[in-house]
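Engineer: Supplied in structure tokens, the structure appears directly below.
The values are calculated or read from the model by the stated rules, or taken from the named source; none is laboratory data. What you are looking at is a predicted structure, and each value in this text was computed from that prediction instead of being measured. Cβ placement follows ideal geometry from the backbone for every residue including glycine, while neighbour counts extend to all protein chains displayed. When the accessible area is computed, the model is the full protein with side chains, heavy atoms only, and any ligands, DNA or RNA have been set aside. Shrake-Rupley method; radii C 1.70, N 1.55, O 1.52, S 1.80 Å.
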Amino acid sequence: MAKRSKIAQAAYEIAFPVAEEMGLELVDAEYKKEGQSIFLRLFIDKKGGLEIDDCENFSRLIDPILDEQLKHDADYFEVSSPGLTRPLEEPSDFRRYSDEKIDVSLFKETDGVKNFVGTIVELDDEKIVFEYEVKKDKKTIELKYEQISKAVRHIEF
């Protein structure tokens, strides 16, 4: 689970079923001070990509619920996308992109590989099986989450 403050975790738990009901995935919540202001942010996503209307509709629906149920003193409330380059950390992050290519860096070399671009073939809460190419040969590698130093969506321009 992501490391969240108590207020961010409470906001996450309140907003999670609302996001699910709207066909969205609540990715994370944060409650933090930036400069002189305190922000409460919820990060949502959905398969196929998020649109500004998704953020706006979710914000309109969840804002009064949070005001009623959550004890907080945030100056600003925002709903946002997690962004294209957000690191994949939780099993749910990897599930979200299971049919897409991702860039993976390992803490140490495994099966002669430390960095690769692959597609998730299989996963559970403890491990992931990736398929990747080496000189046009397809290979698979099984990794535990703790072996992965960084994983992000593979972006092609």
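Engineer: Which links in K114/K144; K114/K138; K32/K71; K33/K71; K47/K127 stretch past 18 Å when you go from one Cα to the other?
Structural biologist: Violating the 18 Å limit, Cα to Cα: K47/K127.
Engineer: Calculate, for the chain, the solvent-accessible area per residue in square angstrom, rolling a 1.4 angstrom probe over the heavy atoms of the protein chains.
Structural biologist: 63
Engineer: Sticking with this structure for a sec: On the accessible surface of the chain, probed at 1.4 Å, how many percent belong to carbon and sulfur atoms?
Structural biologist: 47
Engineer: Turning to a different aspect of this structure: Taking a cut-off of 20 Å, what percent of all Cα-Cα pairs in region 1-125 are separated by more than that?
Structural biologist: It works out to 50 percent of all Cα pairs.
Engineer: Which GluC sites (Glu not before Pro) does region 76-157 hold that lie in a coil by DSSP with at most 14 other beta carbons within 10 Å?
Structural biologist: E100, E126, E156
Engineer: Can you compute the equivalent ellipsoid semi-axes for region 55-141, i.e. the square root of 5 times each eigenvalue of the Cα gyration tensor, sorted largest first and rounded to whole Å?
Structural biologist: The answer is 38, 13, 12 Å, longest axis first.
Engineer: Let's test the formula: R0 of 35 Å, r as the Cβ-Cβ distance of R95 and L70. What FRET efficiency results, to the nearest 0.05?
Structural biologist: 0.80
Engineer: Oh, and also: If R0 is 22 Å, what FRET efficiency do you get for F16 and Y145 from their C-beta distance, rounded to 0.05?
Structural biologist: Efficiency for this residue pair is about 0.55.
Engineer: For the chain, what is the mean residue ellipticity at 222 nm derived from helices alone (per DSSP H run of n ≥ 4: -39500 (n - 2.57); sum divided by total residues; nearest 500 deg cm²/dmol)?
Structural biologist: -8000 deg cm²/dmol
Engineer: How far, in degrees from 0 to 90, does helix 52-69 lean away from the longest principal axis of the Cα atoms of the chain, to the nearest 10?
Structural biologist: Compared with the principal axis, the helix lies near 50 degrees.
Engineer: Go ahead and run the numbers for FRET between D125 and E156, Cβ-Cβ distance against an R0 of 25 Å, rounding to 0.05.
Structural biologist: Rounded to the nearest 0.05, the efficiency is 0.30.
Engineer: Out of P82, P64, P17, any idea which swings most in a Gaussian network model of the chain, alpha carbons joined below 10 Å?
Structural biologist: Per the Cα network of the chain with a 10 Å cutoff, P64 tops the list.
Engineer: Please give me, ordered by residue number, the trypsin sites (Lys or Arg not before Pro) of region 82-157 that lie in loop per DSSP and have at most 13 other Cβ atoms within 10 Å.
Structural biologist: Passing sites in region 82-157 are K135, K136.
Engineer: Placing unit charges on C-beta atoms (Lys and Arg positive, Asp and Glu negative, everything else neutral), compute the dipole magnitude of the chain about its Cα centre in debye, rounded to 20.
Structural biologist: 680
Engineer: Still on this structure: I'd like the orientation of helix 6-21 relative to the chain: the angle between its Cα long axis and the longest Cα principal axis, in ° from 0 to 90, rounded to 10.
Structural biologist: Once rounded, the angle reads 80 degrees.
Engineer: Using alpha carbons only, what's the Rg to Rh ratio of region 95-157 with Rh from Kirkwood?
Structural biologist: My calculation of the ratio gives 0.92.
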